[in-house]
1. Mind checking which residues of segment 120-134 are within 17 Å of Cys58 (Cα to Cα) and part of a helix (DSSP H, G or I)?
2. Please work out which residue is farthest from the chain's Cα centre (by Cα), limiting yourself to segment 238-262 and to residues that are more than 11 Å from Arg273 (Cβ to Cβ) and polar (S, T, N, Q).
3. Give segment 232-275 a look and list any residue that's of a type in the set (A, V, I, L, M, F, W, C), surrounded by 15 or more Cβ atoms within 10 Å (Cβ to Cβ) and more than 16 Å from Asp190 (Cβ to Cβ), or say none.
4. Pick from segment 137-181 the residues that are polar (S, T, N, Q) and in contact with a strand residue (DSSP E or B) (Cβ under 9 Å, 6 or more places away or on another chain): which of them is nearest to Val83 (Cα to Cα)?
5. Do you know which residues across segment 135-154 are part of a helix (DSSP H, G or I), touching a Phe, Trp or Tyr at 6+ places or on another chain (Cβ under 9 Å) and modelled with pLDDT under 85?
6. Among the residues of segment 19-34, is any touching a residue at least 40 places away in the same chain (Cβ under 8 Å), closer than 21 Å to Arg113 by Cα and among the β-branched types (Val, Ile, Thr)?
7. Among the numbered conditions (1) assigned to a loop (DSSP other than H, G, I, E, B); (2) over 20 Å from the mean Cα position of the chain (by Cα), tell me where Arg110 comes up short.
8. Can you pull out the residues in segment 70-97 that are in a strand (DSSP E or B) and either more than 30 Å from Tyr199 (Cβ to Cβ) or without any contact (Cβ under 8 Å) to a residue 40 or more places away in the chain (or both)?
Amino acid sequence: MVRSNPYNISEIFEAFYHKEKTESSFNMSEHTLVYVARGSMYVMIDGHRVSIVRENECVFVRKDHRIKVVKFPSEEVDYHVSVMLYFPRKRLFDFYKTISKKDIPTGISRSKRPVLKIERSPMLISLFDSFKPYWQEGDKPERDWLNMKFREAINLILHTDIKTYASLFDFTAQWRLDIMEFLEHNYMYDLSVEELAHYTGRSVATFKRDFQKLSDLSPRKWIINRRLVAARDMLVSSGAPISQIMTDIGFKNFSHFCRAYKEYFGHTPSDTRHR
């Protein structure tokens, strides 16, 4: 992602401070809660402006979109402050396990809207007011406190629109995605066959049987090949270091990555980059 002057507390929280109008574009790979504390912001999805977020307003942006944001300073204080809370899939997995099954709604489907406005409420005010000391003073919160705020943020979204259950927890049986669609979005994560089965709403036996209908490869081999194809595309289209690309697509060992890449394509990652 391309962002300017961020204060990054962890993988789920960033605060932004700007003294002039700024623009940034990035792929929204995780569901995100956006709050403007000072100034305002335009949010554009896939090239179309879909929302204006004014001071003290908040929106929920669904993942898997190309996002452009334009941030404007406040006329009153001549600077802009905004906050983004991210919802990584692994954390959503863990949160979902804590929900009582009787509290999970049925008969709903994912909303088609990429942006959902979160109405001002005591829940919203309490959540973002509690972050002020951290973006104002630059202190780093304790992990337990941050985990508590993460749960508060999820409950705020679910309380706003019941359809967000289907978006946030699209790995469950009732809202599960097509296997290949799920893998396309998650091939970079280290998920076992048991986890793949669970998060696509199947037993291990059913998952293996369904996967065999889709590919002659094992799930693990399919994932490795998909990572390699993604690596090649990134080597061609970006100037990112090879080691960063390797990490982004899910490999952890550089030698293993280079060996697998050469076996698949017949040349090394460096050869692809030089070509």
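The values are calculated or read from the model by the stated rules, or taken from the named source; none is laboratory data. All of these numbers come straight from a predicted model, not from anything done at the bench. Positions of Cβ are generated from backbone atoms using ideal geometry, with glycine treated the same way; all protein chains shown enter the neighbour counts.
1. Of everything in segment 120-134, those that are within 17 Å of Cys58 (Cα to Cα) and part of a helix (DSSP H, G or I) turn out to be Pro122, Met123, Leu124, Ile125, Ser126, Leu127, Phe128, Asp129, Lys132.
2. Ser255
3. Correct list: Met234, Leu235, Ile242, Ile245, Cys258, Phe265.
4. The extreme case among them is Thr160.
5. Trp135
6. First, pick out the residues of segment 19-34 that are touching a residue at least 40 places away in the same chain (Cβ under 8 Å): 19-27, 30-34.
Narrowing the set further to residues that are closer than 21 Å to Arg113 by Cα leaves 25-27, 30-34.
Retained after the next criterion (residues that are among the β-branched types (Val, Ile, Thr)): 32, 34.
Checked against the condition, which is being touching a residue at least 40 places away in the same chain (Cβ under 8 Å), closer than 21 Å to Arg113 by Cα and among the β-branched types (Val, Ile, Thr), segment 19-34 yields at least one hit.
7. All conditions pass for Arg110, except number (2).
8. Of everything in segment 70-97, those that are in a strand (DSSP E or B) and either more than 30 Å from Tyr199 (Cβ to Cβ) or without any contact (Cβ under 8 Å) to a residue 40 or more places away in the chain (or both) turn out to be Val70, Lys71, Phe72, His80, Val81, Ser82.
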